[in-house]
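Scroll down for the structure; my scribbles are underneath it.
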Amino acid sequence: MHAAPAFLTHTRDGLIAGAAMLLSIILLTGMQFLSLDERLRTELRTQAQIVGQNTSAALVFNAVSDAEEVLLALQAAPSVTGARLLRNDGSVFASYRRPASERGWMVDLLSPADIEHKITVNGAVVGRLEVQAERGSVLRDLFKFWSGGMCIMAIALALSWFVSRGLRASVRAAEARTRYLALHDELTGLPNRAAFLGTLQRAATRSLRQGIGHAVMFLDIDNFKQINDINGHGGGDQVLREVARRLQALLRQGDMVARIGGDEFAVLLEAPEHAAEAAARIAAAIVERVPAPMEVDGETLRASVSVGIALLPNDARSAEDGMQCADVAMYQAKREGKDAFRFYSSELAEEIRRRSSLEADLRVALVEGQLLLHYQPVFDAQGRAVAMEGLMRWRHPARGWVMPGEFIPLAESSGLIVALGEAALRRVRADLDEWRRAGWTAPPIALNLASQQFKRETHRQRFLAMLPELGLTPEQLEFELTESAVFDDITSPDSVLAALRQRGFRLALDDFGTGYSSLSYLRRLQCGKLKIDKSFVRDICTSQEAALLIRSIIDVAHALGMQVVAEGVETEDERTKLLALNCDLLQGYLLARPLAPEAVMQRLSQLPAAAE
């Protein structure tokens, strides 16, 4: 379908080039005509001067026959068609006229050239000579010049056409490739974002005008970054191609799948009736079959997907709105655990708007210093405060106190957790300085770390650099990490845990029992503390299995040289049971709630000091 336009384009270019060369030849021919005509006139003036000198005596002595004899000498000049020798009064003294039979056929094509020469004797003018010549010689020479130029132009055009055949073929191939890549993804061969949006917009228009239902899906590979990190970009490319192949195999004829970018895909389904049921059926098949094991460089991988679905025209009336709605639903599927599909709804949209507003407020809070730390003490068996856990709190000027369970996950999903961690370090420094001015020395403070804080090298380096910048020492600060965060870091060549241990900071494993809980993994961590999750502690008095499990955890931790902290201690029976199982440290509402900096100083300064 593009061959005819390409042919016309090349033909047009050839005609333009030929016309340009022809115009050049015409201009050069015009310049050559002027040059040849001037040369003819110069020759005529020279001949007139010579004849004039030879006829001057004839004019003086009134020898007409001598003058006519001299004029006959002009027969030797083939371009001269006639001459007249005139007296001063303008009367003809003698003349010459070439016979018509001897004139060239070109004599009538151009007007003749006329030359006049004054004849003088001793400085006095005695007459004048008029010579007339045809321009046939000029035309003959001009025709030779023009013919040569046309031949050169024809040869040049032929050579350029012949030489450029391969170039034209390459250009046509490049144009075809460019047209293909404009609407297709080079890696998977699927339509790209531009092609998908165009098709989606036409589908949205049909949905509005004709009531034909459509469903748009937005898909994201859940663990693609990990696949890229472990298997390299080559392995990641293989996964993308295989996912694309599986998606194509799952769709019906007439449906469309496209790669939007990165690890994101989109699907368009036409469903005149029961669009939601059709979309749910296909989405369930995608979630079930796409993650099937795949071989990549001899390794078996599983790539699960999260899918968001929007219905046209119920949820959106344009392509961009449809994509945005499906994207919102896809992120909801990710927040709820990934490897699933979710439909867009107005309630979900309201939740997204609320989260967006809260995220914007959180960014302002980080700048304006609205975030505080409250501290929950950790006690030993004798009731002495041996440490405190710093817990982030947010006091919004309009919302009031925002719960940590609301803004901490938001910070993790939006990337603000990095700034939140840095704000916690600065807040610790400020509180330590305030307590020092009040004359109170606080026990070590534990801060929680999240794996999202150290995804990038710049974030890792910035966090580690802030510790000496703020003057935070291992005697003042220790860090708690969840099992999942530790697992992500322990396999990294730039492990933050290793860097913190090298600087002397103590580490605690938080929420133990809710993650990987591998003994070999525990041995590798070299943490000083292990914190038992409150979900185990609350059952210790009612479940023998829970008590046995906690005893086992304590025995293992002690064998590895770790102290054990029980979280969520809320009753005296739980405290007594834990101490009977040789639990080292306790933390919970029974002993102390999280307290503001002023309150925790007042509370702990009244208690006996912990043993050194």
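The values are calculated or read from the model by the stated rules, or taken from the named source; none is laboratory data. Since the structure is predicted, the reported quantities are computational estimates derived from the model, not experimental observations. Glycine gets a Cβ as well: all are built from the backbone with ideal geometry, and neighbour counts include every protein chain shown. Note: areas computed on protein heavy atoms with side chains; ligands, DNA, RNA excluded. Shrake-Rupley method; radii C 1.70, N 1.55, O 1.52, S 1.80 Å.
Yes/no per residue for (1) open to solvent by 50 Å² or more (accessible area, probe 1.4 Å); (2) of a type outside the set (A, V, I, L, M):
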| position | (1), (2) |
| --- | --- |
| G166 | no, yes |
| L190 | no, no |
| R193 | yes, yes |
| G198 | no, yes |
| Q201 | yes, yes |
>> It is to be established whether one or more residues within the stretch 244-258 are surrounded by fewer than 18 Cβ atoms within 10 Å (Cβ to Cβ), farther than 27 Å from L183 by Cβ and touching a residue at least 12 places away in the same chain (Cβ under 8 Å).
In response: no
>> Quick check on G236: is it over 19 Å from G322 (Cα atoms) and surrounded by 13 or more Cβ atoms within 10 Å (Cβ to Cβ)?
In response: yes
> Which ones in the stretch 276-296 are closer than 15 Å to K338 by Cα and among the acidic types (D, E)?
Replying inline: E288
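Residue-wise test of (1) in contact with a Leu (Cβ under 9 Å, 6 or more places away or on another chain); (2) under 26 Å from I212 (Cα atoms); (3) in a helix (DSSP H, G or I).
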{"position": "N231", "(1), (2), (3)": "yes, no, yes"}
{"position": "G236", "(1), (2), (3)": "no, no, yes"}
{"position": "V239", "(1), (2), (3)": "yes, no, yes"}
{"position": "Q248", "(1), (2), (3)": "yes, yes, yes"}
{"position": "F265", "(1), (2), (3)": "yes, yes, no"}
{"position": "E273", "(1), (2), (3)": "no, yes, no"}
{"position": "R281", "(1), (2), (3)": "no, yes, yes"}
> Considering D533, D539, which residue is open to solvent by less than 70 Å² (accessible area, probe 1.4 Å), modelled with pLDDT of 85 or more and touching a strand residue (DSSP E or B) at 6+ places or on another chain (Cβ under 7 Å)?
Replying inline: D533
>> Please go through the stretch 551-598 and give me each residue that is farther than 16 Å from L522 by Cα, of a type in the set (A, V, I, L, M), out of contact with any Gly (no Cβ under 9 Å at 6 or more places or on another chain) and not in a strand (DSSP E or B), ordered by number.
In response: L578, L579, A580, L581, L590, A592, A596
> I212 fails exactly one of the following numbered conditions: (1) in contact (Cβ under 8 Å) with a residue 60 or more places away in the chain; (2) surrounded by fewer than 14 Cβ atoms within 10 Å (Cβ to Cβ); (3) part of a loop (DSSP other than H, G, I, E, B). What is the number of that condition?
Replying inline: (2)
> Is it true that R501 is among the charged types (D, E, K, R) and either touching a helix residue (DSSP H, G or I) at 6+ places or on another chain (Cβ under 9 Å) or crowded, with 21+ Cβ neighbours inside 10 Å (or both)?
Replying inline: no
>> Which residue is least open to solvent (accessible area, probe 1.4 Å), if the candidates are limited to the stretch 288-315 and must be assigned to a loop (DSSP other than H, G, I, E, B) and at pLDDT below 85?
In response: G298
> Inside the stretch 1-39, can you point out the residues that are of a type in the set (A, V, I, L, M, F, W, C), at pLDDT 70 or above and surrounded by 13 or more Cβ atoms within 10 Å (Cβ to Cβ)?
Replying inline: A17, M21, L22, I25, L28, F33, L36
>> Filter the stretch 40-78 down to the residues that are open to solvent by less than 30 Å² (accessible area, probe 1.4 Å) and among the polar types (S, T, N, Q) and list them by number.
In response: T55, S56
>> Of everything in the stretch 316-344, what is outside any helix (DSSP H, G or I) and either modelled with pLDDT of 90 or more or not small (G, A, S) (or both)? Give them in sequence order.
In response: R317, E336, K338, D339, A340, F341, R342, F343, Y344
> Which of the residues that make up the stretch 413-457 are under 30 Å from A333 (Cβ atoms), among the hydroxyl-bearing types (S, T, Y) and open to solvent by 30 Å² or more (accessible area, probe 1.4 Å)?
Replying inline: S413, S414
